[in-house]
Amino acid sequence: MATILVIDDDELVSRTLQRALKLYGYHVMVSNSGTEGLQLARRHRPDLFILDIMMPGADGYQVCRQIRGDPLLQDLPVLFLTAKAKDEDKIEGFRAGADDYLSKPFNMEELQLRVRAILRRVVSTEVKEEKPAEVVAGNVVL
């Protein structure tokens, strides 16, 4: 079961996402600030971040840049889920290191399909990077 960390200062949004994503079979952690979310991520290393952009303190762009700069977290996917829907907002999100971007209001099924697609790519990449097992039979090594 994949673990998703939702970082959104709007508690109603984060709890709604938590409930909905749990129904799809994910384990969901929630944080209401970027700083707290990064600390939680370092302790529990999620499989995916879902980030809001407009948060007090460190905004989502800053949090994403910190994720990309952290050796423990830098390879984890980030999906922005935000009310910022202008093209320049999306471009800034991708420049900050996002893997995907979805604007609010959003369709929960679309979010779930995007999450599934991101996680499928991550698992596929991890499998390709694993070294195949060596098989030895007599003098033959496969």
Next item on the list: Determine the relative contact order of the chain: mean sequence separation of Cα pairs under 8 Å and six or more apart, normalised by residue count, in whole percent.
Entry: 19 percent
Check: Stretch Q112-Q74 to full length: gain in nm at 0.36 nm per residue minus the Cα-Cα span?
Finding: 11.4 nm
Checklist line | Label selected from (i) 63, 32, 30; (ii) 46, 37, 19; (iii) 55, 42, 22, the criterion being Cα extents along the principal axes in Å as computed here | finding: (i)
Check: When only Cα pairs under 8 Å and 6 or more residues apart are kept, what is the percent relative contact order across the stretch 34-74?
Finding: 45 percent
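Taking square-rooted eigenvalues a ≥ b ≥ c of the alpha carbon gyration tensor, is the stretch 1-62 rounded, prolate or oblate, where a/c under 1.5 means rounded and, failing that, a/b exceeding b/c means prolate?
Values: a/c = 2.33, a/b = 1.36, b/c = 1.72.
Verdict is oblate for the stretch 1-62.
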Next item on the list: Calculate for the chain the 222 nm mean residue ellipticity that helices alone would give, adding -39,500 (n - 2.57) per DSSP H run of length 4 or more and normalising by residue count, nearest 500 deg cm²/dmol.
Entry: -15000 deg cm²/dmol
Note to self: Please report the antiparallel percentage of DSSP beta bridges with both residues in the chain, rounded to the nearest 5.
What the structure shows: 10 percent
Note to self: With +1 assigned to the C-beta of every Lys and Arg and -1 to the C-beta of every Asp and Glu, and no other charges, what is the dipole magnitude of the chain about the Cα centre in debye, to the nearest 20?
What the structure shows: 240 debye
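FYI, it's all coordinate maths here, none of it is from the lab. Note that this is a predicted model, so its numbers are computed, not measured. Quick reminder, even Gly has a Cβ in these numbers, built from the backbone with ideal geometry, and neighbours come from all protein chains shown.
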